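Written below as structure tokens is the structure these notes are about.
The values are calculated or read from the model by the stated rules, or taken from the named source; none is laboratory data. Because the structure is a prediction, the values reported are computed rather than measured. Here the Cβ positions follow ideal geometry from the backbone for every residue, glycine too, while neighbour counts run over all protein chains shown.
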Amino acid sequence: MTLLNRVFTWWNGQTIGTDLYTRRNGVLVGSDDFGNSYYETRDGKRRWVIYGGESEASNVPPDWHGWLHHTFDKPPSVEPLPHKPWEKHHRPNLTGTAGAYLPPGSIKTPAVRPRATGDYEAWTPE
């Protein structure tokens, strides 16, 4: 990443200011499967994430989200939350990507929507 990108853009990762603050005040608490790193201040009052890829909030799993918002005192790296067998693994928001859900009838799906079955009557004003 170029120096100008680090100075002026936040969506490409952390800026120089965030990097300096993290190095000076941050204590690494853990990381997740998406490559995100989680930090807190030495007194534990502030918590933040440095994204491993695109700066997208849906890339933070629910366990870490709860820790970031002070819902849980101990991070998932120390005390993982219990998961039910029916729970699915966390996936980031896929809207706008090739993995997005496209229902039948969507203009972006290659599938052809079935024709109307005759139960539709167009409204005409009187």
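Restricting region 53-69 to residues that are in a loop (DSSP other than H, G, I, E, B) and out of contact with any strand residue (DSSP E or B) (no Cβ under 7 Å at 6 or more places or on another chain) leaves a set whose member that is nearest to THR41 (Cα to Cα) is HIS69. Being loosely packed, with under 12 Cβ neighbours inside 10 Å, out of contact with any strand residue (DSSP E or B) (no Cβ under 9 Å at 6 or more places or on another chain) and not aliphatic (A, V, I, L, M) is true of PRO80. Scanning region 75-126 for residues that are farther than 24 Å from SER58 by Cβ, in contact with a Gly (Cβ under 7 Å, 6 or more places away or on another chain) and modelled with pLDDT of 85 or more yields no hits at all. Would you confirm whether any residue within region 76-96 is among the small types (Gly, Ala, Ser) and either assigned to a helix (DSSP H, G or I) or closer than 30 Å to THR2 by Cα (or both)? Yes; the residues of region 76-96 include at least one that is among the small types (Gly, Ala, Ser) and either assigned to a helix (DSSP H, G or I) or closer than 30 Å to THR2 by Cα (or both). Scanning region 87-95 for residues that are exposed (fewer than 10 other Cβ atoms within 10 Å of the Cβ), more than 30 Å from GLY30 (Cβ to Cβ), of a type outside the set (Val, Ile, Thr) and without any contact (Cβ under 8 Å) to a residue 60 or more places away in the chain turns up nothing.
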